[in-house]
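Visitor: Quick one: the structure is below, and I'll ask about it shortly.
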Amino acid sequence: MSESMKGLHRSHRCTELNQSNIGQTVTVMGWVQKSRNKGGIIFVDLRDRSGLLQIIFEEGDCGKENFDKAYRLRSEFVIAVVGTVEARSGAVNENLATGTIEIRAKEVRILSESETPPFPIEENSKTKEELRLKYRYLDLRRPDLQRNFILRSQVATLTRQFLAEEGFLEIETPMLCKSTPEGARDYLVPSRVHPGNFYALPQSPQLFKQLLMVSGYDRYFQLARCFRDEDLRADRQPEFTQIDMELSFVDVDDVIDVNERLLKKVFEETIGVDVQLPIQRMTWQDAMDRYGSDKPDTRFGMELKNVSEVVKDCGFSVFTGALANGGSVRGINAEGQGEMPRKKIDALVEFAKGYGAKGLAYLAINADGTYKSSFAKFMTEEELKALVEAMNGKPGDLLLFAADKNKVVWDVLGALRLEIANQLGLLDKNQYNFLWVTEFPLLEYSEEEGRFKAMHHPFTMPMEEDLEFIDTDPGRVRAKAYDIVLNGTEIGGGSVRIFQNHIQEKMFEVLGFTKEQAYEQFGFLLNAFKYGVPPHAGLAYGLDRLVMLMAKEDSIRDVIAFPKIKDASCLMTDAPDVVDSKQLEELCIDITKAAAEEE
C-alpha cells in the first residue's frame, strides 16, 4: 500500500551526500536498486538520477514498523528514507561516489510499489533493444542513459549561455510550414480549415531564419525540432533537434570563429576535452582525394593514393579500362596486413561490392619482398615496383585498389578504410578529431532527374571567382559552404547565403525552375529580398549526433528520450496508428488501401 509524502521534504539527492555530512539527519528519496536481508540487518541500495546510496535498517534504530516495511522492499519500489549519515561500517566501495558513507535509517515510507520489471534496470543492459524500447520509461532509469541525458541538458544549457553572450537572440520559428521541394520528403499535416491543403513539418528553419536576417535581428539561434521522412540509420531519426543559427554581416571565417569557440566551451565544460583551436580545414576536393569521403575520419591514416598515372600503360585491363572511361585508379595501404588470410581479403572484396565496386584488386608484399596478388601476372616487374613505390608499400603491407568512375572509387575506398580501421581497433572513442570541410561543389548532377541539384540547398552562395562558370560548366562551381566533422561524422553544416536577387534567380534557373515556379515555391522569400537584405550566413548542428559522440555511444537512440525504430514507429506508444473515421471526414481525407492489401 502506498504512503503519503506529507511532512517529508527531500534534503539531498543520493550522491550529494559525502563524508562532510556525517552525523547529519537527512531525507532521501528514490528507487530500490536491490535489497539484501542479512537477518537482523537489511541493506538497501537506493537509486536516483544522481547515483546510488546504501541504506541500513536495524530494528533497534528504526523500530519494528519501519523494519517490517524495509523487509517488504523489492526492486523498483519508490521510497523515502529519513536517517543519519555515517561512515561506512563495512569495506569502502571505491566504485561508488557514496562508497565511503551510508545512511542508518530511522524511518521509511513506501511511496509506490512496483511489479517485477520485464528486465533488470542496470548499466550496459544486455536486454534486446526491442523490449527496452517497448518499456522505454523503465529503460530510461538506467544510470548510463541518465548520464547521457544529463550531458545533453548541459550541452543545451551551455550553448544557450554562450550564444546569448555572443549577441544571439533565441527566436522560435513555425512548426506548420509550406511544403517545398529540393530536400528530403516532408511530413505532411492536413488542414481542417482548408480542405485538401496541407502544412509540412519543418525539415529545418532555413527560410525563416533567413527572413529573420532580412528583418534585422542580426544574430538568431534556436534549438529547433526538425522532421524528415527518410530511411533511418544509427545516426538518423525522423524527428531530431538542431542547434540552429544565422548571422548577418559575416563571411565564412566569422561563422567558423564563433562556432570553434562554442565547441571549445561545450567540450571543456561538459566532458573535460580541450579542443585545440583553430580547427583544421580541408577543401571538399582534398577530403575526397585523400579519404574518399566528405566527412573523413582523421583519427588514423590509410589515405587514398591516386595511381592512375602509374598504371595508365600497364597490361591490366581493369585499370586501363577504368581510365579509358574517364575514371581513376586509387588505392589504400593497410600497413602490416600483408599476412591477411585470403578468406578475409575475399570478405573485403564482397564488402567493396556493397559500395558499387565490380571487384577489388589486391597486392600483398611478402617479408622477402615478393608479391601475392590478384593482378600481378598482368603487369611487368617494373610496373609492379613503380606501383608499390607510389603506395609507399613495404614488406608486410597489403595494398588494395579500386578502378572505376571517381565517385565509385571514392565511395568504395572511403568505406573500406573505415571497415579495416574498425577491424584493427584504430577508432579510439576517447580521441576527438575535428575538421572543417570547405568549398563543396555548389551542384551535383542527378542522372535520375537529368538535371543539376543543389548539394546543400538552393540558397547557398557560389564562390565569387566561380560565378563565371555557372552557365557553361555548373559542376565546376564551388559553394561557400562548410561542414564541421567529428571522427568521421558530420555534426553540423552551413553556408554563406545568396543575398542578391540576380544570383538567386540564376541559381533557380540552373536548377531547372522557371521564374514562375521559383516564385510559386519560394515567393515569400524572394519578395522579402526586394526590401534590403544584409549579407548573411549560418550553420546548424545535429544536437543528437553531437551528444552521441560526446557520450561515446554508437546510436542516437541512446541520447533521444523516446526514439523511433527503423520503420519510424514507436514501440512504446504504437505510433503511427489508425485514427477515427470522424477525424478523417473532418479533414476530407479518404484512405485508399493498397491493391496488394485488398487481394
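Visitor: Please report the projected area of the chain's Cα convex hull averaged over all directions, in nm².
Guide: Numbers: hull surface 151.8 nm².
In nm², the orientation-averaged hull projection of the chain is 38.0.
Visitor: Here is a follow-up. Just want to confirm a number: the relative contact order over segment 509-599, from Cα pairs under 8 angstrom separated by 6+ residues, in percent. Mind showing how you got there, number by number?
Guide: On the way: 23 pairs, mean separation 8.4, N = 91.
Taking the mean separation of contacting Cα pairs over the length of segment 509-599, I get 9 percent.
Visitor: In this model, which of K34/K69; K353/K407; K295/K564; K353/K566; K305/K394 are farther than 20 Å apart at the alpha-carbon? Present the calculation step by step, with values, prior to reporting the outcome.
Guide: Working: K34/K69 15 Å; K353/K407 14 Å; K295/K564 25 Å; K353/K566 24 Å; K305/K394 15 Å.
Flagged as over cut-off: K295/K564; K353/K566.
Visitor: Residue by residue through segment 565-576, what is 3J(HN,Hα) from phi via Karplus (6.51 cos²θ - 1.76 cosθ + 1.60, θ = phi - 60°)? Round to whole Hz and write x for glycine and proline.
Guide: Here the 3J(HN,Hα) series is 9, 4, 8, 6, 9, 10, 5, 6, 9, 6, 7, x Hz.
Visitor: Roll a 1.4 angstrom probe over the protein heavy atoms and tell me the percent of accessible area of the chain that is carbon or sulfur. Mind showing how you got there, number by number?
Guide: Details: 14480 of 29710 Å².
Result for the chain: 49 percent of the exposed heavy-atom area is carbon or sulfur.
Visitor: What does the accessible area per residue of segment 12-57 come to in Å², with a 1.4 Å probe and no ligands, DNA or RNA counted?
Guide: On the way: 1950 Å² over 46 residues.
That works out to 42 Å² for each residue.
Visitor: List the DSSP H helices in the chain whose Cα atoms stretch 27 Å or more along the helix axis and whose mean Kyte-Doolittle hydropathy is at least -1.0. Each step should come with its number before you reach the end.
Guide: Details: long enough: 143-165 (33 Å, -0.23); 252-271 (28 Å, -0.06).
Span-like helices in the chain: 143-165, 252-271.
Visitor: Now, a different point. Obtain the nm distance between the two label points defined at C588 and A367 by a simple spin-label model: each point lies 7 Å from its Cα along the Cα-to-C-beta direction.
Guide: The two pseudo-label positions are separated by 8.0 nm.
Visitor: If you take the charge dipole of the chain about its Cα centre, with +1 on Lys and Arg Cβ and -1 on Asp and Glu Cβ, which of A454, V214, F434 is farthest toward its positive end?
Guide: Of the candidates, F434 comes out farthest on the positive side.
Visitor: If you don't mind, there's one more thing I want to ask. Pull up the cross-link candidates among the lysines for K515, meaning alpha carbon to alpha carbon under 26 Å and not fewer than 8 places away within one chain.
Guide: Here the lysines satisfying the reach criterion relative to K515 are K178, K209, K453, K480, K506, K530.
Visitor: Per residue, how large is the accessible surface of segment 101-183? Use a 1.4 angstrom probe and give square angstrom. Provide the component values of the computation, followed by the final result.
Guide: Values: 4420 Å² over 83 residues.
On a per-residue basis, segment 101-183 sits at 53 Å².
Visitor: In square angstrom, what is the accessible area per residue of segment 359-490 with a 1.4 angstrom probe?
Guide: Details: 5870 Å² over 132 residues.
Accessible area per residue, segment 359-490: 44 Å².
Visitor: Shifting gears a bit: Over the alpha-carbon set of segment 102-199, divide Rg by the Kirkwood Rh and report the Rg/Rh ratio to two decimals. Provide the component values of the computation, followed by the final result.
Guide: Details: Rg = 22.5 Å, Rh = 19.4 Å.
That ratio is 1.16, to two decimals.
The values are calculated or read from the model by the stated rules, or taken from the named source; none is laboratory data. Predicted, not measured: the structure shown is a model, and the values here were computed from it. Quick reminder, even Gly has a Cβ in these numbers, built from the backbone with ideal geometry, and neighbours come from all protein chains shown. Ligands, DNA and RNA are excluded from the accessible area calculation, which covers all protein heavy atoms including side chains. Shrake-Rupley method; radii C 1.70, N 1.55, O 1.52, S 1.80 Å.
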